[in-house]
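Here's the structure, in structure tokens; my notes come after.
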Amino acid sequence: MKKNSSQSQSQTKKVSGTSIQHSYDNQIDSVPAIPYPENCKISRTDFPKDFIFGVGTSAYQHEGGAAKDGRGHSIWDVFTLSTPDRIVDGSNGNVAVDMYTNYKEDIKVMKSMGFDAYRFSISWPRILPEIEPYVTLFHWDLPHCLQLEYGGFLKEEIIDDFREYAELCFWEFGDRVKHWITLNEPWTYSVHGYAGRIFPPGKKSASTNIVTYGNKHKNNFTGYRSADPNLIQPLIRCNITIDPQKNSTKEVYTVARNLLLAHAQAVQSYRTKFQEHQQGHIGITLVSHYFEPFKEDDVNDQKAAKRALDFMLGWFLEPVLNGSYPQNMIDYVPKGNLDEFSTEESTLLKGSIDFLGLNYYTTYYASNDPTPDCEDGYYKDQQVKFSTERYGRPIGPVAGSSWLYIVPWGIYELLKYINQTYENIPDIYITENGVDEKNNCKLTAYEACTDTTRIKYHQDHLAKILEAMNDYGDNGSNGNLNIKGYFLWSWCDNFEWVEGYTVRFGIIYVDYMNNLRRYPKHSAKWFAQFLKRK
């Protein structure tokens, strides 16, 4: 796949005045061979023949082309451009890694490595392959005009607007797309936009739920993808106020409720108007850490860990399976904040997924905290204290982001928990699993491509997923899990939300200082070997 000089020049694009060259001169085959560890027995052939291996990206994080082809503004465009001080490095996704104009070359390399599928999101504001597409309809980039018009997901008007947007996508792309994901991580969108308020719309009064542990100011919440508790303190200085007449502690539950109902309406539309003819499947992607009781034999800590799982995973999984909220949320959220579903809404939600997308990154300890020292309702309602160490020992090695501790056994325990908790679980795809390192500007591209931590992370997590499949697979006597695929996050380095370009999740290195040139990391070579190894 190497190009000569004239071919390389023909691939040079201009984006926002910058020369973008995607020649992939350093192809997968030119990366030094990665010795396959003797203790790593796992290979693709250990998984079922129909098991899907893929990679993932999202529109705002990777696409760029912000002003191209009539694309409108999303809430992330406005958030990053109007308040750059709320992004660690002041950056934005206007160009990102320019997959908008260079996706064909990227997908060719994915295919050459042996990946079966590519999970990406459609940019709702843009609405306007050689590899099986798994398409996410909403990966947080809400059109800004809808946020201005009626408050976005705070109002029920969003439900019909999302359904109409989804129908347009089904109509235009349904002949090629056979796996639709309505929402990516509604928990993240709700909590970080309306409780922690570090994501857009991000409005926050000067009074926050900051609590003090030793010398550090931290939220009493679990970290997640750019939700580093250490970032919160400087972010609140923006002094953006909210209407004191509104019940802001209810907003996170209102947004989550509308996300669920928007999902249900889109699924109903697909099933009644498109599915029979297009022969596709539709689901949702949820994120969850695993939560281990801080004191394993303490009944109160065991209950706290269960509450933590219900307030993160069950909050959205229970409704789409059974049409109702988890009992823990009904018991612990103050009356009036968690509006019940009507009979009609419950019926619409129940069974509204053909498959479950599951994102996993890390695990936390959870202990009972009946009087949490925080103001915001969501964090206080759980009555859980989260920690990343026990008796002086960390739960696992820390990655590039301070929230991401590497805990492979957590994904096994999470799958085991799902098997034990839910009887009617559909097919499961691990739609995101990955690890980052800090962006070190002192390293050359060649040096930065040595990512042994990432190789081990994926080896260990794949091994634990395979173990869970063997122990709790639908063909076994202990469970009914049918895990159908694994998508690593991420294909290439990208704009990582409020952390900007300060961390790198990709198996492909992007040289931000040299025209966004791509270089396969050692992990890319490892995956190419893994996918082809017998």
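None of the figures in this text is laboratory data; all of them are computed from the coordinates on show. Everything numeric here is computed off the predicted structure, so don't read it as measured data. Cβ sites come from the backbone with ideal geometry, for glycine too, and all protein chains shown count toward neighbours.
Give a residue-ordered list of calculated ³J(HN,Hα) values for the stretch 323-335 (Karplus: 6.51 cos²θ - 1.76 cosθ + 1.60, θ = phi - 60°; whole Hz; x for Gly, Pro).
Result, ordered by residue: x, 8, 7, x, 4, 4, 6, 4, 7, 9, 7, x, 4 Hz.
Given H placed on each backbone N at 1.01 Å, which residues far from Ile428 in sequence or on other chains put an amide H within less than 5 Å of it?
Leu356, Asn482, Ile483, Lys484
What distance in nm lies between label points placed 7 Å from Cα along the C-beta direction at Glu423 and Leu531?
About 4.0 nm, to one decimal.
Antiparallel DSSP bridges in the stretch 43-532: what percent, to the nearest 5?
Antiparallel bridges: around 30 percent, rounded to the nearest 5.
Place +1 on the Cβ of every Lys and Arg and -1 on the Cβ of every Asp and Glu in the stretch 43-532, take the dipole about the Cα centre, and give the residue among Ile406, Asn184, Gln279 whose Cα lies farthest towards its positive end.
Ile406
Fewest first, what order do Ile282, Ile107 take by the number of other Cβ atoms within 10 Å?
Ile107, Ile282
Size of the dipole of the stretch 43-532 about the Cα centre, Lys and Arg at +1 and Asp and Glu at -1 on the beta carbon, nothing else charged, in debye to 20? Could the numbers behind the result be given before it?
Details: 49 positive and 63 negative charges, 214 e Å.
The calculated dipole for the stretch 43-532 is roughly 1020 debye.
Could you point to the residue in Gln383, Ile395, Tyr417 farthest towards the positive end of the stretch 355-489's charge dipole, with +1 and -1 charges on the Cβ of Lys/Arg and Asp/Glu respectively?
Ile395
Listed here are the pairs Lys385/Lys438; Lys49/Lys456; Lys442/Lys525; Lys41/Lys484; Lys49/Lys303; which of them are more than 31 Å apart at the Cα?
Cα-Cα > 31 Å for Lys49/Lys303; rest within.
Sequence neighbours fewer than 8 away in the same chain don't count; with that in mind, list the aspartates and glutamates whose C-alpha is under 12 Å from Lys416.
Partners within reach: Glu467, Asp471.
Calculate one ³J(HN,Hα) per residue across the stretch 346-363 by plugging θ = phi - 60° into the Karplus curve 6.51 cos²θ - 1.76 cosθ + 1.60, and present them in order as whole Hz with x for glycine and proline.
With the stated coefficients, the stretch 346-363 comes to 4, 5, 5, 6, 4, x, 8, 9, 7, 8, 10, x, 10, 9, 9, 10, 7, 9 Hz.
Please compute the modelled spin-label separation between Cys145 and Met513, points set 7 Å along Cα→Cβ, answer in nm with one decimal.
Rounded to a tenth, the inter-label distance reads 4.1 nm.
Given H placed on each backbone N at 1.01 Å, which residues far from Gly56 in sequence or on other chains put an amide H within less than 5 Å of it?
Sorted by chain and number, the residues that satisfy this are Arg119, Leu488, Trp491.
Give me the one-decimal nm value for the distance between modelled label points at Asn322 and Cys441, 7 Å along each residue's Cα-to-Cβ direction.
Distance between the two pseudo-spin positions: 5.2 nm.
Mind checking which aspartates and glutamates have their Cα closer than 12 Å to the Cα of Lys108? Skip sequence neighbours fewer than 8 apart in that chain.
Once the sequence-local aspartates and glutamates are set aside, what remains near Lys108 is Asp116, Glu130.
Report ³J(HN,Hα) in whole Hz for each residue of the stretch 507-523, in order, from the Karplus equation J = 6.51 cos²θ - 1.76 cosθ + 1.60 where θ = phi - 60°; Gly and Pro get x.
Those phi angles translate into 8, 10, 7, 10, 8, 5, 8, 9, 6, 6, 5, 9, 9, x, 7, 4, 5 Hz.
Could you list Tyr417, Tyr446, Tyr405 so that the one with the fewest beta carbons within 10 Å of its beta carbon is first and the one with the most is last?
Going from sparsest to densest Cβ surroundings: Tyr446, Tyr417, Tyr405.
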